[in-house]
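The values are calculated or read from the model by the stated rules, or taken from the named source; none is laboratory data. Here the structure is a predicted model, which is why all the values come from computation and not from measurement. Here the Cβ is made from the backbone with ideal geometry for all residues, glycine too, and neighbour counts use every protein chain on show.
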């Protein structure tokens, strides 16, 4: 029950305050990671694994040492709040939606470029909406549900380890000539940490929308996606909504053919709100599950 209350408190704080406008710890961590990369970079798996270890171990151990402090619960809530990006995800997505609704395509391209790693300069209305829906669905897991899962499983150390590993994957987990080997450890660790929460997110997306279609898309399409965890999440989310995402996208000037995910028409501006609504309903499902589970544990422990 304590974990459920901490999750609820962190979500409420994030909904009210959003991310810190200055001195966000993840931004500072990213700068530390960049500085270490400049010092030890070599495109080898061993160097990349060493960098991951040097960056994750000290911060995780430091948080573990705070567990016995009298204000440890408050620190837990603070760290989970800093790891969650619900407010930020909605803010960025709604800015794209508003630009599309105003038929301001250049602004919509610029705004969606803050959410995705693909080239956005040539995207049409449909491409911008598709990229935004994809980002909302995928980051629902990465920035919300994955963090909650590891907080419940391993407390503040778990959520710190998860979010920092996720940050390193975003920085180094590219399969290009620079990070093909150096980023291997960061990418594989992120895959391992996201394996269970991504599938719980996919199941929750199905429950929060069109259940049978979501499960069918997950089963038939999820494994074909380039990411073993994003595939199930995005396939189930798109199936739940009844939209078709995926398809070709341009990265660093090169067009990549991506598998289609979901069923139905391509997303429009109105589907950005629908994707955010799906995430919001999924949050309620997770909270209901956490409080119900906490109540059952207390009831069984008292009997």
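Of the residues that make up region 56-67, is at least one free of Cβ contacts under 8 Å to residues at least 40 places away in the same chain, crowded, with 16+ Cβ neighbours inside 10 Å and either at negative phi or in contact with a strand residue (DSSP E or B) (Cβ under 8 Å, 6 or more places away or on another chain) (or both)?
Scanning region 56-67 turns up no residue that is free of Cβ contacts under 8 Å to residues at least 40 places away in the same chain, crowded, with 16+ Cβ neighbours inside 10 Å and either at negative phi or in contact with a strand residue (DSSP E or B) (Cβ under 8 Å, 6 or more places away or on another chain) (or both).
Here's the yes/no breakdown for (1) farther than 24 Å from residue 4 by Cβ; (2) part of a helix (DSSP H, G or I):
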{"site": "20", "(1), (2)": "yes, no"}
{"site": "36", "(1), (2)": "yes, yes"}
{"site": "51", "(1), (2)": "yes, yes"}
{"site": "54", "(1), (2)": "yes, yes"}
{"site": "64", "(1), (2)": "no, yes"}
{"site": "87", "(1), (2)": "no, yes"}
{"site": "94", "(1), (2)": "yes, yes"}
{"site": "106", "(1), (2)": "yes, yes"}
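Could you list, in sequence order, all residues of region 121-163 that are surrounded by 24 or more Cβ atoms within 10 Å (Cβ to Cβ), more than 12 Å from the chain's Cα centre (by Cα) and closer than 14 Å to residue 80 by Cβ?
Of everything in region 121-163, those that are surrounded by 24 or more Cβ atoms within 10 Å (Cβ to Cβ), more than 12 Å from the chain's Cα centre (by Cα) and closer than 14 Å to residue 80 by Cβ turn out to be 150, 151, 156, 159, 160.
Quick test of your reading of the structure: residue 110 fulfils all but one of (1) free of Cβ contacts under 8 Å to residues at least 24 places away in the same chain; (2) closer than 26 Å to residue 284 by Cα. Name the failing condition by number.
(2)
Do we have residue 272 as touching a strand residue (DSSP E or B) at 6+ places or on another chain (Cβ under 8 Å), crowded, with 22+ Cβ neighbours inside 10 Å and touching a residue at least 60 places away in the same chain (Cβ under 8 Å) here?
no
Evaluate region 172-181: report whether one residue or more is part of a loop (DSSP other than H, G, I, E, B), in contact with a helix residue (DSSP H, G or I) (Cβ under 6 Å, 6 or more places away or on another chain) and over 16 Å from residue 117 (Cβ atoms). Can you show your working first?
Here is the first cut: in region 172-181, the ones part of a loop (DSSP other than H, G, I, E, B) are 173-181.
Those left that are additionally in contact with a helix residue (DSSP H, G or I) (Cβ under 6 Å, 6 or more places away or on another chain): 173, 179, 181.
Still in the list and also over 16 Å from residue 117 (Cβ atoms): 181.
Within region 172-181, one or more residues are part of a loop (DSSP other than H, G, I, E, B), in contact with a helix residue (DSSP H, G or I) (Cβ under 6 Å, 6 or more places away or on another chain) and over 16 Å from residue 117 (Cβ atoms).
Determine whether region 208-230 contains at least one residue that is touching a residue at least 40 places away in the same chain (Cβ under 8 Å), surrounded by 14 or more Cβ atoms within 10 Å (Cβ to Cβ), touching a helix residue (DSSP H, G or I) at 6+ places or on another chain (Cβ under 7 Å) and within 30 Å of residue 102 (Cα to Cα).
Looking for residues that are touching a residue at least 40 places away in the same chain (Cβ under 8 Å), surrounded by 14 or more Cβ atoms within 10 Å (Cβ to Cβ), touching a helix residue (DSSP H, G or I) at 6+ places or on another chain (Cβ under 7 Å) and within 30 Å of residue 102 (Cα to Cα), one finds at least one in region 208-230, hence yes.
Against the definition (modelled with pLDDT of 95 or more and at negative phi), how does residue 249 come out, yes or no?
Details: modelled with pLDDT of 95 or more: no; at negative phi: yes.
When the stated conditions are applied, residue 249 does not pass them.
Run down 173, 183 and say which single residue is out of contact with any strand residue (DSSP E or B) (no Cβ under 8 Å at 6 or more places or on another chain) and in contact (Cβ under 8 Å) with a residue 60 or more places away in the chain.
183
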